[in-house]
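Below is one structure; the comments refer to it alone.
The values are calculated or read from the model by the stated rules, or taken from the named source; none is laboratory data. Note that the structure is a prediction, hence the values are computed from the model and not measured. Here the Cβ positions follow ideal geometry from the backbone for every residue, glycine too, while neighbour counts run over all protein chains shown.
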Amino acid sequence: MNTGHFTSIVHAALAQAGFTPPARNEGRTIVFACTPLVAQVTHAQAVLDAGEAQRAARFRFDRDRTRHVLAHAVWRIALATCLDVAPAAVPLLATPSGQPTLPGTGLSTSLSHAGDWAAVSICADETSGIDIEQQPSRVRLAEMAEVVCTPAEATRVMALDVAAREHALLVLWTRKEALLKAFGVGLGVDPARFDAGATEPVAPPPTAADMPSCRALPLDLPTGLVGAVALPVGSKLVGQHGLEWV
């Protein structure tokens, strides 16, 4: 199947957004909506590797399957741009815990979904993690404060009024999720067991002691989204790129 047109669409959007491959110790993020690309889903499907295609086939609803295919195809093309290879040649693998890896490339990457939106981090360092969530949340986070927060965090957050509390909890949740992705442990580590300040370094949990300390940095996102990217302490976020589809 000819995937050239779809790849050209993504390349054009990346160029328009000013995306370039990160240099050493730099991180970049990409955020995009999937719906404008729905007509391209068949071509996007052909960009995926066998494992990605199999995971897509497991979705019960067409809408979720389509979003998965488009997000992963754009992700793979962005990585191919950084590595100067064809999308099919991107060595995108996953650890047993599900953390995406790019062995032998010097890059790390992460992907997050929130409704129609997807976000990608690409970092020229050992690891990175990204998380975006829709706001308002579908879950009443104040009722889950003990699950999300350390005692000190809970004290600070619960002192806020209701609207501010929900926003603060969602921001905190995205920071913690991004950090746990960067550490390669996901929700295998209780998020209420570590503080996640706005920019302070966070040490990895004992189960990921070989990983570097990371900072969780806020993302500049479209209205209705909240998010964070986690990068090693020695790396800096040099670009946030919102893709527009022509």
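Among the residues of region 138-150, are any charged (D, E, K, R), within 20 Å of PRO204 (Cβ to Cβ) and either buried (at least 21 other Cβ atoms within 10 Å of the Cβ) or modelled with pLDDT under 95 (or both)? Checking region 138-150: not a single residue is charged (D, E, K, R), within 20 Å of PRO204 (Cβ to Cβ) and either buried (at least 21 other Cβ atoms within 10 Å of the Cβ) or modelled with pLDDT under 95 (or both).
Given the structure, is PRO91 surrounded by 17 or more Cβ atoms within 10 Å (Cβ to Cβ) and part of a loop (DSSP other than H, G, I, E, B)?
no
PRO212 falls short on exactly one of the conditions (1) assigned to a helix (DSSP H, G or I); (2) touching a Ser or Thr at 6+ places or on another chain (Cβ under 8 Å); (3) not basic (Lys, Arg), and that condition is (1).
Does ARG165 satisfy the criteria of being assigned to a helix (DSSP H, G or I) and basic (Lys, Arg)? Answer is yes for this residue. Put simply, of THR207, THR199, THR155 the only residue that is in contact (Cβ under 8 Å) with a residue 12 or more places away in the chain and either crowded, with 21+ Cβ neighbours inside 10 Å or assigned to a helix (DSSP H, G or I) (or both) is THR207.
In summary, PHE61 fulfils each of the numbered conditions (1) surrounded by fewer than 21 Cβ atoms within 10 Å (Cβ to Cβ); (2) touching a strand residue (DSSP E or B) at 6+ places or on another chain (Cβ under 6 Å); (3) of a type in the set (Phe, Trp, Tyr) with the single exception of condition (2). In the set ALA73, ALA23, ALA13, ALA118, only one residue is touching a strand residue (DSSP E or B) at 6+ places or on another chain (Cβ under 9 Å), assigned to a helix (DSSP H, G or I) and within 27 Å of VAL238 (Cα to Cα); that residue is ALA13.
Pull up region 94-112, narrow it to residues that are modelled with pLDDT under 95 and either not in a loop (DSSP other than H, G, I, E, B) or not β-branched (Val, Ile, Thr) (or both), then point me to the one that is surrounded by the fewest Cβ atoms within 10 Å (Cβ to Cβ). Step by step, filter region 94-112, then rank; the result is PRO96. The lone criterion from (1) surrounded by 16 or more Cβ atoms within 10 Å (Cβ to Cβ); (2) without any contact (Cβ under 8 Å) to a residue 60 or more places away in the chain; (3) under 21 Å from TRP245 (Cβ atoms) left unmet by ALA39 is number (1). In region 35-64, what residues are farther than 22 Å from LEU79 by Cβ and not in a helix (DSSP H, G or I)? Those that are farther than 22 Å from LEU79 by Cβ and not in a helix (DSSP H, G or I): ARG58, PHE59, ARG60, PHE61.
Within region 57-84, being under 23 Å from THR29 (Cβ atoms) and of a type in the set (A, V, I, L, M, F, W, C) holds for VAL69, LEU70, ALA71, ALA73, VAL74, TRP75, ILE77, ALA78, LEU79, ALA80, CYS82, LEU83. What residue, among those in region 5-36 that are of a type in the set (Val, Ile, Thr) and over 19 Å from the mean Cα position of the chain (by Cα), is surrounded by the fewest Cβ atoms within 10 Å (Cβ to Cβ)? Filtering region 5-36 for residues that are of a type in the set (Val, Ile, Thr) and over 19 Å from the mean Cα position of the chain (by Cα), the one surrounded by the fewest Cβ atoms within 10 Å (Cβ to Cβ) comes out as ILE9. Do we have any residue at all in region 88-96 that's in contact with a strand residue (DSSP E or B) (Cβ under 9 Å, 6 or more places away or on another chain) and touching a residue at least 60 places away in the same chain (Cβ under 8 Å)? Yes: region 88-96 contains one or more residues that are in contact with a strand residue (DSSP E or B) (Cβ under 9 Å, 6 or more places away or on another chain) and touching a residue at least 60 places away in the same chain (Cβ under 8 Å).
Of all residues in region 186-196, those being within 18 Å of the chain's Cα centre (by Cα), surrounded by fewer than 19 Cβ atoms within 10 Å (Cβ to Cβ) and touching a residue at least 40 places away in the same chain (Cβ under 8 Å) number 2.
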